[in-house]
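This report concerns only the one structure given below.
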Amino acid sequence: MALIEIENMEFHANHGHFAEEQVIGNTFLLDLKIEYNSDKAQISDNLKDAVNYQRAYEIVKREMGICSHLLEHVGERILDSLVKELHGIENAQVKVSKVNPPMGGKIQKVSVTLRKIAK
């Protein structure tokens, strides 16, 4: 079993409940964890037998470009796309963080973490 972790991916995106967030946008950080059976890749040394983490990043980037009101929606969309498009994933977890959220005080970030077990 292997655990791929892609940490602190940074995107500027237009997610948020408030209209100004959807116009101005904000900085978002993402952490991704993907578990898969790596036995074949460990022996073959061939990318086709592994979960391609470059492709995982591209999927995250694409989904971050689609405007959403809630971090939960962003995270669910990312997980659904990863499981659908990357064969072999057994479990995946994504943590979506909004940096300096407009909540009326000094807050470094707010985060939502979602986990999906592939069927």
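Since every read-out is calculated from the coordinates, none of them should be taken as a lab result. Since the structure is predicted, the reported quantities are computational estimates derived from the model, not experimental observations. Neighbour counts are summed over all protein chains in view; Cβ atoms, including those assigned to glycine, are modelled from backbone coordinates with ideal geometry.
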Given the conditions (1) free of Cβ contacts under 8 Å to residues at least 12 places away in the same chain; (2) under 12 Å from the mean Cα position of the chain (by Cα), report the number of the one that Gln54 does not fulfil. (2)
Hey, does segment 52-73 have a residue that's more than 18 Å from Phe11 (Cα to Cα) and of a type outside the set (S, T, N, Q)? no
Residue list for segment 24-66, restricted to those being exposed (fewer than 15 other Cβ atoms within 10 Å of the Cβ), more than 28 Å from Met1 (Cβ to Cβ) and touching a strand residue (DSSP E or B) at 6+ places or on another chain (Cβ under 9 Å): Thr27, Gly65, Ile66
Need the failing condition index for Glu21 against (1) in a helix (DSSP H, G or I); (2) surrounded by 13 or more Cβ atoms within 10 Å (Cβ to Cβ); (3) under 14 Å from the mean Cα position of the chain (by Cα), just the number. (3)
